[in-house]
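The values are calculated or read from the model by the stated rules, or taken from the named source; none is laboratory data. Just so you know, these numbers come straight off a predicted model, no measurement behind them. Reconstructed Cβ throughout: ideal geometry from the backbone, glycine too, with neighbour counts over all protein chains shown. Note: areas computed on protein heavy atoms with side chains; ligands, DNA, RNA excluded. Shrake-Rupley method; radii C 1.70, N 1.55, O 1.52, S 1.80 Å.
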Amino acid sequence: MSTLTSRWLDRAAETRTAVLDDARSQSRSGTHSYADVVAGSIRVASALLHASSRASLGGQRVAILIAPSARFVEAFFGVLLAGGCVVVLSPLHPAPETRYFCDDAEVSAVLVSSEHAALAAPLASSANVRDLDELLSAREDIGAVTAAALAAGGDAPAVQLYTSGTTGKPKGAVITHMNLEVQQELVGAAWGFGEADTLLHALPLHHMHGLAIALLTALGAGAATRLTTFDAPALWESMKDATVFMGVPAMYHRLFVAFDAADEATRTRWSAHARALRLATSGSAALPVTIAERWRDVTGKIPLERFGMTEIGVGITNPLDGERFPGCVGFPLPSVETRIVGEGDRGEVAETGELWIRGPSVFAGYHRREDETAKAFVPDADGGAPWFRTGDTVTRQGGPSGPFKILGRTSVDILKSGGYKLSALEIEEVLREHPGVGEVAVIGVPDEAWGDRVVACVVRRAAAPSTSACDEAVLRAFVREKLAPYKVPKDIIFLDELPKNALGKVVKPTLSAQIAAAIRT
Ligand code: MCA
Ligand code: AMP
């Protein structure tokens, strides 16, 4: 049995709170003990095993489409205990995207909570959609569940998370039980997590940040987690009952927009709540120093900024105690090895270059994409474990033993908007399907609120059919039908031509500079 699942089952008698949620739509209270949630997960696992008539799901992919709640945790651990691998779906995705994730992962079932039943309806023709409440009403079969959990060791796949890359559609990163156990331990210890903590959690659960870095770290330490969705004024208020908050820079930006709009008494109250937190972290994108400093003005400390990736979890972090470096992400966690590699791909160490990482928290590979996996890893020249190429350009501030500083991505086609990693190519592919679009280039323009503001530059098709209107509203609606709303370009700019090099390739840095200048004036 992996430590992830044995640690979970060990909490079966604990009456301490595991999850606080908004239970208004459920027949249960909003405070859920570890004992309750572990029992729920055992019921889910029992039902899955009985339905499969097998001793273990043996790594089968099971998708879950469940609102942030205790039931999410029950379904998540239920799949793991049954020996399955979880694919987390999000209600933000329209049906074509959700179907793609399910097809690509070849899921054996989709577990859906009642509030998302309508969203799952289009999947019913191609997937085995199961009502979570039905699974939760199953009889516990602890013998069968223990046997299945025992069969899944550390190298068994635990979650498959979809992440955008430099080639079209998102890839399923396969993360093992061991990867998650190591994360629980390393992050929990580095950030001083314990049973006295209450984590205020408003991150989406279909990504590594919300799922593992936040939720699993708290559960691994026996802490309580308040699961909620993002709402800035409500978060300021909820900080009163929390000890830790984890956010992306866009959330801090929004928190300050709400703060600035509030009256004096409200600001005083919110400041006191935030100051009483023992820890506030930021990650998933660069935290602007201005925001870090504003947080310090309010709370006395800058947020603890750290660097992570879907494929590695948190790798590098500023310290909990001791000096935090604004604009830097700190130092590698124990067991995380780093290397900064200059241009030329031969693994030569440089002061500034691509960050390579290896260690036990590095993922197993991309599902059914051997080529992509092979491209992501570089064999070690000295015969050691291969290195994972992060695609981030970094340096160490003040010299080789200074804190890491992230300078940007090595590819112009990877954007970070509000903490979500987006592929410019994926959005371009969708836009190209519209009959009115001739050429298109999607770029990221620096933006205070989102980090990268997604802008599509479109050259209309000269001979487009007269029926295919092609204006900004039409194209945004067209993308929205196929991709999550956070991937829809914020601006669509129509140009006569796109800047190209001698090989006919669009020169995106030139285009970005032109558009950024045009937006500024
Ligand atoms: C929402 N919108 C966005 C984004 N979020 N547009 C661009 N980028 C976004 N990130 C759109 C909405 O669809 C809507 O568009 C409009 O902006 C306003 O939406 P609103 O409801 O106000 O936004 P929200 O739902 O409150 O979301 C803002 C958010 C969210 C809470 C900051 O973006 C978020 O949860 N971000 C976190 C992403 C994350 O967890 N990434 C971790 C990846 P319209 O009006 O047109 O409908 S994992 C990772 O990076 C590694 C492991 C790491 O290091 O952590
Ligand atoms: P994802 O694939 O969504 O997990 O995003 C991982 C990427 O987020 C990294 O490769 C970085 O580009 C970016 N990232 C994460 N944390 C930070 C940070 N603190 N500063 C700058 N970029 C970050």
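Charge tally for R461 (other residues, Cβ to Cβ under 14 Å; Lys, Arg +1; Asp, Glu -1): -3. Surface composition of the chain: carbon and sulfur make up 53 percent of the accessible area, probe 1.4 Å. What shape does region 378-433 have by the C-alpha gyration tensor, where a ≥ b ≥ c are the square roots of the eigenvalues, rounded means a/c under 1.5, and otherwise prolate means a/b greater than b/c and oblate the rest? Because a/c hits 1.5 or more and a/b fails to exceed b/c, region 378-433 counts as oblate. For the chain, a/c is less than 1.5, where a ≥ b ≥ c are the root eigenvalues of the C-alpha gyration tensor. That puts it in the rounded class. Please report the net charge: other residues with Cβ closer than 9 Å to the Cβ of I357, K and R +1, D and E -1. Charge balance near I357 sits at +1. Can you tell me, using C-alpha contacts under 8 Å and at least 6 residues apart, the relative contact order of the chain as a whole percent? The value is 11 percent. Overall form of region 413-513: oblate. Here a/c, set by the Cα gyration tensor axes a ≥ b ≥ c, is 1.5 or more, and a/b is not larger than b/c. Beta bridges assigned by DSSP with both partners in region 200-339 are antiparallel in approximately 40 percent of cases.
Test of understanding: extend the Cα→C-beta vector of F230 to 7 Å, then name every residue of region 164-202 with backbone N under 11 Å from that spot. Hits in region 164-202 for F230 at 11 Å: 202.
Amide H contacts of S284: G308, each under 5 Å away and 5 or more positions distant or on a separate chain (H built 1.01 Å from N in the peptide plane; Pro and chain starts excluded). Candidates L235, A45, Y162 compared by Cα position along the dipole of the chain: farthest toward the positive end lies L235, with charges placed on Cβ.
Take E433: with every protein chain present and a 1.4 Å probe, its accessible area is about 110 Å².
Taking a sphere under 12 Å around the Cβ of M309 and counting the other residues whose Cβ falls inside, with K and R at +1 and D and E at -1, yields a net charge of +3. With helices as the sole contributors, the chain gives -9500 deg cm²/dmol at 222 nm; each DSSP H run of n ≥ 4 counts as -39500 (n - 2.57), and the sum is divided by every residue.
Taking the DSSP bridge list for the chain and keeping only pairs wholly inside it, about 65 percent are antiparallel. Taking 0.36 nm per residue of sequence separation and removing the Cα-Cα distance, the L92/D297 pair yields an extension gain of 70.4 nm. The residues of the chain expose on average 40 square angstrom of accessible surface per residue, using a 1.4 Å probe on protein heavy atoms.
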